[in-house]
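Report on the following structure.
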Amino acid sequence: MKSVKIGEIVLKNPIALSPMAGISSLPFRIICNEMGAGYSPTELVSARSVRFNGVDKSYRYMRILPEKEGITAIQLFGSEPDDFEAAIDTIMDTPVLKDVSIIDINMGCPVPKVVKTGAGSALMEDPARAAGIVKACKKAVEGLPRKIPVTVKTRTGFNADDKGKPDFAKALADAGCDMICVHGRTRPQMYHGESSAEAIALMREAVRDYDIPFFANGDISDVGTARKIIEQTGCDGIMIGRAARGNPWIFEQISAGLAGKEMPKYPDEQARKQMLIRELEGRLKYLPEDVAVREFRGVMPFYIKGLQGAAKIKVRLVSATCFDEVKEILGIA
Ligand SMILES: Cc1cc2nc3c(=O)[nH]c(=O)nc-3n(C[C@H](O)[C@H](O)[C@H](O)COP(=O)(O)O)c2cc1C
């Protein structure tokens with residue numbers, strides 16, 4: 001794929017990690033960067049919480065490390081334009097966070113707790129509010145020494161019978177959004193059923209005349225599915241979510257495949273276990289051991305998927321309580 005500009009940020013490789021709560025940890029994002037991902041946004045963070053509680057409570061989700069991550073993006077969710085403006089002001093007053101490359105707005109989260117507050121995917125039902133949020137974010141980054149693009153990640157609809165929201169995409173672009181990423185599922189689909197490339201394509205077409213890149217997302221798991229969604233939607237870039245869990249190598253694989261180059265060999269058992277350990281060690285740097293291991297229980301099985309005896313190892317990993325136990329289960333000294 002060709003390199004892409006989001007605002008003035010140049011993505012050499014427009015194949016990004018899709019933001020995932022509980023998955024998009026700082027160490028994982030660093031690893032994805034090493035594997036060639038164009039960038040990897042943080043998981044969603046409440047703009048209202050940052051506005052009223054400051055950064056401390058959500059710092060662990062927002063922490064970025066530009067020198068190791070490359071291009072960075074913090075994803076905010078909320079429903080009040082003022083919350084976003086204030087949250088961005090706070091971020092820009094915070095050491096390190098102020099170096100973030102991109103601010104991303106979540107307009108796709110289907111979780112009832114979020115939707116009930118008018119945030120996430122609920123914003124698709126209120127384009128004027130969504131546009132107001134984009135404008136508030138643009139206002140907050142105006143006049144900063146660096147130009148910080150504002151991007152939006154959304155879905156193909158709020159209702160089950162929605163088949164793409166072209167007018168919504170246009171409203172975002174009209175409001176000044178610097179990039180749009182669309183996951184090809186509606187809110188009620190959550191993460192089930194098929195992701196619709198046709199619905200994504202409708203939204204892509206709606207903003208073709210705007211000078212902003214468009215990313216497609218949903219069910220990309222290998223070079224074949226990547227190629228298909230690019231052909232079917234005419235997108236400029238792609239985001240990969242679930243298939244990257246425990247599989248950061250997917251970025252080098254798909255990048256090489258799309259470029260017609262020989263794909264690197266898939267890592268062997270030892271390399272996969274070592275990568276699991278590396279990600280956990282990264283989490284241990286900023287979390288107490290019991291918390292780090294407990295939170296990592298849901299991620300570890302993805303690293304060992306398909307290995308001999310994986311089912312048995314998984315049962316043990318998902319109840320592990322400390323780092324030494326994880327190493328012992330994996331047979332790593
Ligand atoms: C566990 C999990 C957490 C997620 N958290 C977020 C999030 O914080 N922000 C967001 O925009 N999307 C979130 N998503 C959606 C993904 O970014 C992505 O859009 C979706 O999984 C579809 O892409 P995929 O088929 O490649 O997984 C999450 C998905 C999963 C499975």
For residues that are crowded, with 23+ Cβ neighbours inside 10 Å, aliphatic (A, V, I, L, M) and more than 14 Å from Leu97 (Cβ to Cβ), tally how many sit in the range 36-84. 2
Scan the range 252-264 and tell me whether some residue there is within 22 Å of the chain's Cα centre (by Cα) and within 13 Å of the ligand (Cβ to nearest atom). yes
If you check Asp104 against the conditions, is it surrounded by 18 or more Cβ atoms within 10 Å (Cβ to Cβ) and either among the aromatic types (Phe, Trp, Tyr) or in a strand (DSSP E or B) (or both)? yes
Among (1) more than 27 Å from Tyr303 (Cα to Cα); (2) within 16 Å of the ligand (Cβ to nearest atom); (3) touching a residue at least 24 places away in the same chain (Cβ under 8 Å) - the single one Gln75 does not satisfy: (1)
Scanning the range 2-19 for residues that are part of a loop (DSSP other than H, G, I, E, B) and buried (at least 19 other Cβ atoms within 10 Å of the Cβ), the one farthest from the ligand (Cβ to nearest atom) turns out to be Asn13
For the range 31-66, name all the residues that are within 28 Å of Val4 (Cβ to Cβ), touching a residue at least 40 places away in the same chain (Cβ under 8 Å) and in a loop (DSSP other than H, G, I, E, B). Met35, Gly36, Ala37, Gly38, Tyr39, Pro41, Arg63
Looking at the range 288-298, is at least one residue among the aromatic types (Phe, Trp, Tyr) and more than 15 Å from the ligand (Cβ to nearest atom)? no
Of these, Arg283, Arg316, which one is farther than 24 Å from Cys109 by Cα and touching a residue at least 60 places away in the same chain (Cβ under 8 Å)? Arg283
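Yes or no, residue by residue, for (1) touching a Pro at 6+ places or on another chain (Cβ under 9 Å); (2) of a type in the set (A, V, I, L, M, F, W, C):
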| site | (1), (2) |
| --- | --- |
| Val10 | no, yes |
| Pro14 | yes, no |
| Ile23 | no, yes |
| Pro41 | yes, no |
| Val50 | no, yes |
| Ser58 | no, no |
| Ile74 | yes, yes |
The residue from Ala271, Ala256 that alone is surrounded by 15 or more Cβ atoms within 10 Å (Cβ to Cβ), free of Cβ contacts under 8 Å to residues at least 40 places away in the same chain and of a type in the set (Gly, Ala, Ser) is Ala256
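Readers should treat all values here as calculations from the given coordinates under stated rules, not as data from a laboratory. Only a predicted model underlies this, so the values are computations on that prediction, with no experimental measurement involved. A quick note on method: Cβ atoms are made from the backbone with ideal geometry, for glycine too, and the neighbour counts reach across all protein chains shown.
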